[in-house]
Amino acid sequence: MTLLSRWGWLSRLKSRTWAFKRMARGLRLFIPMTNDVLRGRFRPVPWKAFALMAAAVGYLLLPFDLIPDFIVVFGMLDDVVIVGWLLNRIDAQLAAYRAWQLNNESTTHTP
């Protein structure tokens, strides 16, 4: 294995790790954001994030898939890829909420 191919493999691994971190962050922030929206503390309502989450949950729950789940590996792989992509998009939609949350935490914790 050459040095360049090792670096290429490392680069791909880092980009995938970054994508997984964004997906996890989007999922972690969605529930507190929903709570803040329902209580009226955060406005404007990020309707696109709600629509993307509904699409992700719907894709997982509905029996209609691009590749049927009974095809062992590829049936589950399309679910992971599509839902992962949607969670990544949700994270991008929550940038305003993250900024609001940081601002809100800094103002409430000041002595």
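The values are calculated or read from the model by the stated rules, or taken from the named source; none is laboratory data. Please read these numbers as outputs of a predicted model, since none were measured by experiment. Positions of Cβ are generated from backbone atoms using ideal geometry, with glycine treated the same way; all protein chains shown enter the neighbour counts.
Points to keep in mind about this one:
- For the condition under 14 Å from residue 24 (Cβ atoms) and surrounded by 10 or more Cβ atoms within 10 Å (Cβ to Cβ), residue 77 does not qualify.
- Only one entry of 82, 90, 67 meets the criterion of being surrounded by 11 or more Cβ atoms within 10 Å (Cβ to Cβ), in a loop (DSSP other than H, G, I, E, B) and not aromatic (Phe, Trp, Tyr), and that entry is 67.
- Taking the numbered list (1) at pLDDT below 85; (2) within 20 Å of the chain's Cα centre (by Cα); (3) among the hydroxyl-bearing types (Ser, Thr, Tyr) in turn, residue 11 passes all entries but (2).
- Filter pass, residue 26 being part of a helix (DSSP H, G or I), surrounded by 16 or more Cβ atoms within 10 Å (Cβ to Cβ) and either small (Gly, Ala, Ser) or at pLDDT below 80 (or both): yes
- Among residues of segment 31-53 that are touching a residue at least 60 places away in the same chain (Cβ under 8 Å) and in a helix (DSSP H, G or I), those with a beta-carbon under 8 Å from a residue that is surrounded by 13 or more Cβ atoms within 10 Å (Cβ to Cβ) and among the small types (Gly, Ala, Ser) at least six positions away or on a different chain give the pairs 33/49.
- Failed criterion for residue 106 (all others in (1) closer than 21 Å to residue 34 by Cα; (2) surrounded by 12 or more Cβ atoms within 10 Å (Cβ to Cβ) hold): (2)
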